[in-house]
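The values are calculated or read from the model by the stated rules, or taken from the named source; none is laboratory data. Bear in mind that the values here come from a model prediction, so they are computed numbers and not experimental data. All Cβ positions, glycine included, derive from the backbone under ideal geometry; neighbour counts span all protein chains shown. The area values use the complete protein model at the heavy-atom level, side chains included, leaving out ligands, DNA and RNA. Shrake-Rupley method; radii C 1.70, N 1.55, O 1.52, S 1.80 Å.
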Amino acid sequence: AFQRFCETNDPEAPRTLIAQVGTGEGKSMIVAALAIYVATVLKKKAHVVCDDETLLERDFVTFKQLFDIIQVPGEGGSKRPLVSVLCVPEDRLSKAKEPFYRSRVDASADICYCEAKHVQSHYASIAKNATSVDFSDYDNFVLILDEVDALVIDEEPNEAFVYPNEELSKLATETAQVLAHGGSRTKLEELKHRPLPAAERVVREVVSGWQRAKDLVSGEDYVFSKDLGKHCKLQSGRVNPKAWSLDLECLNFEEGLQREILFQERMFVMSRPRVFRRYNRILGLSGSIGSEAERKFLSDTYDASFFEVPPFLKTCQGSPYHEALPAKLGIEKKAEYVEHSPEKQSARLAELAWEAREQVPVLVIAKDRAQADSFVEYLRTTASTRGLGGCSHDVVRSLSRTLYEADPEQWKENLNRSTMHMGDESSGSTKTFRITVTDARGGRGVDYRVDDPDVDNHGGLLLILT
């Protein structure tokens, strides 16, 4: 299917092909193989885009040795080594020793692993060229999307490109100083009449940002970074130290965590669909293609077609493949519970998790890090009512992003123990299992390995989605 799609010359053929690949079916390997195919057979450049910096680097490093032994066609029938690079933040680039790191998309590389922001920045660098705007190189680029839903469905279609403005930053800082001392209307009016074209707007925006900062919620909108000594924005449950927010600038200033306000001006708005559609072809892989409405959006916007990659075991004769079935647990023996308050949801979660861990490991996936941390605390509290108070931290393990950023080694330890049984069978004690709680990030690209026949006999690891 991929070959027919990539090699067709039919002008009426779809420009985007999206494949559904199940969990554990080798999506990362398929992505790497497609990138090699694009470079060696199609003789084009492949841009592999993932929405998660950690998973992006993990996949690139995993297949880097394979990329290094591949030869691509050169001029006059000759062969040359395939060039593969990885885009990382500029602060990482300054410390990196490996030659394959880049801070921007390398148009000369055969395979470039990057995030969507790198692709958009590359497009912007061409679009804002004052002398000539030439997008002809895109005819030689193929875009490979790892997780279509995260990159296309869940993200905003437009993104504002903002840049620091030194003069306006000084004015914003003076405005914040006035607000920090009570917000004198006279002084604010004086600042609005400074001889700057945007003075009134800047003062107005800082005043609004100062008010909005009071409504920000720690753990949901931002977290405190010990390394930077200030609050940083949370995006998709993950700390993004480089994400700019005037509200956070005001909050950090008010709490004495920084002495100046960085004010950024919007230079232009970038349309992600416009950028993606520039590519010669788009290949997308995703664990779920989505609902009918999402498919229609992809079809209308990207001229997409869809197909499902069958699970490997389905292609094997006499295979033991079976579909995962919802487990009916709890007092009501249901597979799905809808509660009307966070308190009742936590109570129901505890009921199901404690019941199931008597036979199988339990993995709870919360919507974000704040909810994950809340569930961990609640489950550990309920452990004491079950006579497990002394070992509650061992029985209930966290895999939230909060723990990963604070103590990566403990996060890895919790992952290793998440599916191990508890109790010493040789001494006659009952075998039970741990309850592990993670957020959306821990529910993707993380392997939870279970090697226990008893667990298999009871249906395998129990996954609870909240």
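What is the spin-label model distance, in nm, from Lys170 to Thr315 if the labels are put 7 Å beyond Cα along the C-beta direction?
So the label points at Lys170 and Thr315 sit 6.5 nm apart.
Give the Rg/Rh ratio for the range 1-56, taking Rg as the radius of gyration of the Cα atoms and Rh as the Kirkwood radius, to two decimals.
Expressed as Rg/Rh, it is 0.99.
Would you kindly find the accessible area of Glu189, with a 1.4 Å probe and non-protein molecules such as ligands, DNA and RNA excluded, rounding to the nearest 10 Å²?
90 Å²
Summarise the accessible area of the range 1-90 (1.4 Å probe, protein heavy atoms) by the percent that is carbon and sulfur.
53 percent
Based on Cα coordinates alone, diagonalise the gyration tensor for the range 349-427, multiply each eigenvalue by 5, take square roots, and list the semi-axes in whole Å, largest first.
Over the Cα atoms of the range 349-427, the semi-axes work out to 21, 16, 12 Å.
Provide the per residue accessible area, probe 1.4 Å, for the range 80-137, rounded to a whole number of square angstrom.
51 Å²
In whole percent, and with a 1.4 Å probe on the protein chains, what portion of the accessible area of the range 317-466 is carbon and sulfur? Walk me through the intermediate numbers first.
Details: 4310 of 8570 Å².
Carbon-and-sulfur percentage of accessible area, whole number: 50.
Take every DSSP beta bridge with both residues inside the chain and express the antiparallel ones as a percent of the total, to the nearest 5.
Counting only bridges with both partners in the chain, antiparallel ones make up about 30 percent.
At a probe radius of 1.4 Å, what is the per-residue accessible area of Phe60, in Å² to the nearest 10?
Looks like 0 Å² after rounding.
Rank by packing, highest mean first: peptides 172-184, 306-318, with packing defined as the count of other Cβ atoms within 10 Å averaged across residues.
Working: 172-184: 17.3, 306-318: 11.2.
The packing order, highest mean first, is 172-184, 306-318.
Quick one: work out Rg over Rh on the C-alpha atoms of the range 178-315, Rh as Kirkwood radius.
Result: Rg/Rh = 1.17.
Size of the dipole of the chain about the Cα centre, Lys and Arg at +1 and Asp and Glu at -1 on the beta carbon, nothing else charged, in debye to 20?
600 debye
222 nm [θ] for the chain, helices only, -39500 (n - 2.57) per DSSP H run of 4+, per residue, to 500?
Estimated from H runs of four or more residues: -11000 deg cm²/dmol.
Please list, by residue number, every one of the GluC sites (Glu not before Pro) in the range 356-435 that is coil in DSSP and has at most 13 other beta-carbon atoms within 10 Å. All intermediate terms of the calculation are to be shown ahead of the outcome.
Numbers: sites: Glu358, Glu377, Glu405, Glu409, Glu413, Glu425; in loops: Glu358.
In loop regions of the range 356-435 (DSSP not H, G, I, E or B), the sparsely surrounded GluC sites (Glu not before Pro) are Glu358.
To the nearest 10 Å², what's Lys214's accessible area with a 1.4 Å probe?
Counting only protein heavy atoms, Lys214 exposes about 110 Å² to solvent.
Plugging the Kirkwood radius over Cα pairs into Stokes-Einstein for the range 268-344, at a temperature of 20 °C and a viscosity of 1.002 mPa s, what D comes out in µm²/s?
123 µm²/s
Apply the a/c threshold of 1.5 to the C-alpha gyration tensor of the chain and tell me whether it is rounded, prolate or oblate.
Verdict is oblate for the chain.
Kirkwood Rh, the range 144-232, all Cα pairs: how many Å?
With all distinct Cα pairs of the range 144-232 included, I get 16.0 Å.
Under 21 Å between alpha carbons, and skipping anything fewer than 8 positions from Lys226 in its own chain: which lysines qualify?
Leaving aside lysines fewer than 8 places away in the same chain, those within reach of Lys226 are Lys95, Lys242, Lys412.
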